[in-house]
1. Along the Cα→Cβ direction, 7 angstrom out, place labels at ILE297 and THR427. What is the inter-label distance in nm?
2. Any idea what the relative contact order of segment 238-312 is, in percent, if you count C-alpha pairs under 8 Å spaced at least 6 apart?
3. If Lys and Arg each add +1 and Asp and Glu each add -1, what is the summed charge of the other residues whose beta carbon sits under 11 Å from the beta carbon of MET333?
4. Extending each Cα 7 Å along its Cβ direction at GLN107 and ASN501, get the distance between those two points in nm, one decimal.
5. Cross-link candidates for LYS532: which aspartates and glutamates have Cα within less than 14 Å, leaving aside residues fewer than 8 places away along the same chain?
6. Give me log10 I(q)/I(0) at q = 0.07, 0.11 Å⁻¹ for segment 246-836, Debye formula, one equal scatterer per alpha-carbon, no solvent.
7. ARG648 versus PHE726, label points 7 Å from Cα toward the beta carbon: distance in nm?
8. Which entries in LYS185/LYS630; LYS93/LYS266; LYS185/LYS442; LYS136/LYS626; LYS137/LYS442; LYS137/LYS788 show an alpha-carbon gap greater than 25 Å?
Amino acid sequence: MTTKIFYTLSLAFFLCFNLSSFAQTSGNSYEISGKVMDNELNVPLEYATISVVDVNNPENVNGGITNNKGVFKIEVAPGTYNIVVEFISYETKRFNNRKINADLNLQTIELGVSSDNLDEVIVRAETTQVDIRLDKKIYNIGKDLTTAGGTVSDALNNVPSISVDIEGGISLRGNDNVRILINGKPSAMAGFGNTDVLSQLPAEAIERVEVITSPSARYDAEGTAGIINIILRKKETLGFNGSVTVNGGIPENGSISANLNYRTDKYNLFTTTGYRYSESPGYGYFDTRFFDPRTDIILDSLKYDRNIEDRDYNRINRGFNTNVGMEYYLSDMSSITGAVFYRLGDDRDVTNNMNDYLLGDTELLGTNRREVENEEDESIQFSLNYVKKFDNKGHKLTADFQFENDSETEDAFINEFTTYNNTENATIDIPSESTLTKEDKKEYLIQADYVLPIGEESQFEAGYRGNFENEITDYKLFQENNPGEFILNKNQTNVFDYSENVQALYTQYGTKFGNFSFLLGLRLENTNLQGKIDSELTEAELQEEFSFDIDTDFDNDYLGLFPTLNLIYELGEDENLTLGYNRRINRPRGWYINPFPSRSSRNNIFQGNPNLNPAFSNAFDLGYLKKWDKFTLTSSIYYQRETDAFQRVREEVFISGPSGEQIEVIRSIPFNLATNDRMGGELGFLYNPADWLRLNGSVNVFRFKLDGEFNGNDYSQDNSSWFGRFSSKVTLPLKIDWQTNLFYRGPSDEIQGTQDGILNVDLAFSKEILNDKATLSLNVRDIFNGRKRTSFTSTEFFNQDSEFQWRQGQSVNVSLIYRFNQQKREQRRSNGNQDFDEGFEG
């Protein structure tokens, strides 16, 4: 209330002075203008006060306040003035002895929080907020109760346009070919493209998420769906401050993490460190009915036409991660930042696969296949960032260097025994198996970006990025020949050495005139993919073993131009239209290229295809934004055409057993199968009808049309699906907050079957305690146990019904977050929900 009175009096005070000086300035006057921003949160400061004091006559004071975009414009008579920019609890900025004989644009004025306010309690954004820019939407993660004590994956699943499936796979607008970046760069924190790592990092580490569905030329062209850029927290306040989070729940899980920061005028030290333990029970059910009876040599030539697999998973994940860095201010205009990220994982998975083999309605044999898998992985990343500002108008140069090393060792022991036997054979001995997989990855990143403002409304950018990655996978399969004697299956053992080197140059130009803004860019990328297969088998033997042509030593180059165009037209102060176009590439990853099989069971394998070529896409996106007093509407329609799209195909093939015998299995393998036309629309809203109630929701409807064939089979399909989310937050008495999140993904047609819809509902409560320095939260996830994938697959060989749940049942978590020495940060923004930034900053 006091703050509102202060603003009202300030406004009245300056209006009086403006009116009294109108006669002086209207005849011969000049304009002082600028924009006031929070230097940490990068958000406009509404109601900041600007005082313009005549140096020769200090009693002659003019001035004004900023609007909801932080912009101010003040008319003054010619003369010399002291200009003072102030905002409550922020440090004051002064521009003394400015001679005004023409219009003066002070550009962007960044204010930092005053060090006198460090002991005040932080006030965080109550809802997730969104900024619209030329090439992206920025979601500032707010006080989301359902992710308290959760992970980065949990937080992403509450961001519009993004969905996280039951296995942790991330998709954007229903398309899983999305590029994940950390602080604008590929990172070991994102697991080198393996999103499992995001399920280990704490959600509290996120400051904001950038959803980039129409990426500009400054971004890597990888990812036909677009880019998700996760920006981690790094506080800018003076002194020592931070937070500690403790979490525990059922199924058994616990974690502790700390976000700490210490800043002086010369340097800034920061760290995010945590340890997590979790158990994730899951299950799978697969009922496969073959059109013709098949024979299993391993099961003493058992003939059957139906196989039922009932799997139980028990996963234990243990992980430690830390990110430690320092930013050193070389001067007021330059700084260098160094950081080290380290992650250590120790996981153990136990899978029991109960099998029933039937012929007609007769149960012939039951087996239990037990697999115990241990996985240890270690990642380390070193990064350096240099920033040189040439002025305060945005003219700057940035340079980055990054090195990452990731090593992973996975061993598994598989034994199978009979649970019942109705065959004529008295005993059936099933040989055990043992696998050993070692992976080593190294990745180097070199990047430089140059930004040059041209005038007040234009900007030129240019840059270079080189990304050099090498991955070596050493896979060994040992199979039991005699009881207790294991021999190496040379047909299934190999070393795969794979390199992906991408170098790019880009340039782009953006400008604004009137209500119209555009950003035009062009990126030149060269992709070099190299692979070498070291196997006991010759190339001809490999081709016979895997039933398709294989190049055991390939070196492929792809040179491409990737144009981008993003437009915004402001229909009004709170209404705009956006239009984007971009060309993208989908490069096959190492797992999709390695031709040696990995098994989910003895009868089901996944196999990579070294002959895969990159897929290319062209995409268009048209968006509309409209804001009212308490309601904000966002919408878009989009179209994308992808050529040489690779899709998984399931078929029956024969592979070699330990003694050379042929074993029939169901293989899933990717091919450059089709042209994929994808189109859809999004609609989202934010509604705050009262101080105690906040509502938001979104829906995404999409359709994709595949046109392609493989081995004489037509895999064309026309499929429509949708997903939507809704969230409500209610403030109850005693300052208790209650939040409900609902997510539903509709049923869909796949290239060889159908998939049912998936429902997920989360519930959470929180209360501020300890004089508002701590938050105690309780959340229940998947309260209706609907987060499961139920599907039907049909091929020329078999039909299959399946159900899979990565984490079975509900989970209950309690979380305590304690904050210390964090300043009060009220974000005074238009509607408190959404803002439009017409700048070109990436």
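Derivation of every value follows stated rules applied to the coordinates shown; laboratory data play no part. Keep in mind the model is a prediction, meaning the values are calculated, not measured. Heads up, the Cβs are rebuilt from the backbone with ideal geometry, glycines too, and the neighbour counts pull from every protein chain shown.
1. For the pair ILE297/THR427, the computed spacing is 2.3 nm.
2. 23
3. In short, +1.
4. 3.9
5. GLU471, ASP474, ASP497, GLU500, ASP551, ASP553, ASP555
6. -0.58, -1.50
7. Each label point lies 7 Å from its Cα, and together they span 3.2 nm.
8. LYS185/LYS630; LYS137/LYS442; LYS137/LYS788
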